[in-house]
Amino acid sequence: MKKLAILGSTGSIGTQTLDVVREHPDELCVVALAAGRNKDRLKEQIEEFHPSIVSLEDEAKAMELKEELKDSGITVLFGKEGLMAVAGMEESDIVVTAVVGMMGILPTMEAIRKGKDIALANKETLVTAGHLIIPMAKEYGVSILPVDSEHSAIFQCLHGNRHEDLDKLLITASGGPFRGRSKEDLEHVTLQDALKHPNWAMGQKITIDSSTMVNKGLEVMEAHWLFDVDYDDIEVVVQPQSIIHSMVQFVDGAVLAQLGTPDMKVPIEYALFYPERRSLKGDRLDFSTLKSIHFEKPDYDVFRGLALALEAGKAGGSMPTVFNAANEKAVALFLKEQIAYTDIVKIIERCMNAHETIENPDLEQILATEQWVYKTIDAMDL
């Protein structure tokens, strides 16, 4: 029986992870859950999966939950300390990191220190602190197993192949809801428009990131650290049907691709059971009806956020943190309808232009850079 701790249990990846647990009740169990503010959904999860420790980000809601569970024997915590406790719980075997944003860095480090394998769905951890996380995982002998569909696809294609035979990573993108639009078209995008992804059902923040293609830039940065590949050897390819989840090209010209329906439970299950596979309910590709698979080059001019992500990744140091933090703040403002859609990328670029890169930032400098970005945006005339 593999014991799971899930960070971000009430979000999209967290709830789909629990779907996988439901399919394999004799092999997976939940021992700890951490959520943000959704107390009611967390309580439903507690009643079904019976974890020993749970945590909410909001203290007041946590105290309400603690009172409601006072005779259950379940430990209820809150805030950063609660998140860290769930991440480092001794009983767990693997930690699913599905929280959104840079708040995933510290609990991921805590889980690694406690010798837990990481099912990584929080790309910001490697984007901003990959130079710290990857050596740390090697030091403690833990595995980082990718949950993003693109990185899981690459991981699967690389399985059984030598790293020195790798020539290029080909990361696919759907192109989002605004593929084929002009820069002028984007000036009129509403929040409701941006939240309509053509293929995937995801949380709000990642759905907006997909629409700007910032998400694909973050994935390139994550792939750089996960697979130890130079940025010049990572290519983004638009594949609108989301059938090919990513590909790997080898030195002899052979290309391996991982295909499947757009279902996040597939990479989640693969990470939880690696190196084995398990049956999973769901749709299958029907090649008798699949007439073609279409490819395009991304438009780096219209989707300026993707170009800026590659610039940030190649600059290295603290610049990926600036890119990521500026995007997080800008997307939060857009979700509150306080800025226009096109302001997201403008804010990112302004922050990058104003920042003096720190070459090899430690954790304290990474977190300080995040705060500098937030203060910089607060001072902007938006």
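Values computed for the structure shown
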| read-out | value |
| --- | --- |
| Sequence-separation-based contact order of the stretch 252-382, relative, with Cα cut under 8 Å and 6+ spacing, percent | 21 |
| For the chain, built as a Gaussian network whose Cα springs stay under 10 Å, the top-fluctuating residue of R37, R113, R181 | R181 |
| Net charge of neighbours whose Cβ lies under 12 Å from the Cβ of T357, counting Lys and Arg as +1 and Asp and Glu as -1 | -2 |
| The stretch 102-187: C-alpha gyration tensor shape, a/c 1.5 cut-off, then a/b vs b/c | oblate |
| Rounded to 5, percent antiparallel among DSSP beta bridges of the chain | 25 |
| Overall form of the chain per C-alpha gyration tensor (a/c, 1.5; a/b vs b/c) | rounded |
| Theoretical ellipticity at 222 nm over the chain - DSSP helices of four or more residues, -39500 (n - 2.57) apiece, nearest 500 | -14000 deg cm²/dmol |
| Positive minus negative residues near D40 (Lys, Arg vs Asp, Glu; Cβ under 12 Å) | +1 |
| Separation of the D167 and E276 label points, Cα + 7 Å toward Cβ, nm | 3.7 |
| Table column - 3J(HN,Hα) (Hz), the stretch 336-346, Karplus curve with 6.51, -1.76, 1.60, x for Gly and Pro | 8, 6, 9, 9, 7, 4, 6, 5, 4, 6, 4 |
| Furthest towards positive pole of dipole, M221, I293, N122, structure part the chain, Cβ charges | I293 |
| For the stretch 87-150: rounded, prolate or oblate by the Cα gyration tensor [a/c cutoff 1.5] | rounded |
| Set of lysines with alpha-carbon distance to K114 below 18 Å, sequence-local pairs under 8 removed | K2, K3, K80, K138 |
| Among 271-279, 128-136, the order from most to least packed when residues are scored by Cβ within 10 Å on average | 128-136, 271-279 |
| Cut-off 12 Å, label 7 Å out along Cα→Cβ of V237, residues of the stretch 249-273 by amide N | 249-250, 254-259 |
| Neighbour net charge for F78 - beta-carbon separation under 11 angstrom, K R +1, D E -1 | 0 |
| Accessible area in the full protein assembly, largest first, 1.4 Å probe, for D301, D283 | D283, D301 |
| HN-Hα J in Hz across the stretch 261-272 - Karplus 6.51, -1.76, 1.60, θ = phi - 60°, x for Gly and Pro | 5, x, 9, 5, 5, 5, x, 4, 5, 4, 5, 6 |
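The values are calculated or read from the model by the stated rules, or taken from the named source; none is laboratory data. Note that the coordinates shown come from a computational prediction; the quantities given were computed from them, not determined experimentally. Note that we place each Cβ from the backbone using ideal geometry, even for glycine, and neighbour counts take in every protein chain shown. In case anyone asks, the SASA skips ligands and DNA or RNA and just uses the protein heavy atoms, side chains included. Shrake-Rupley method; radii C 1.70, N 1.55, O 1.52, S 1.80 Å.
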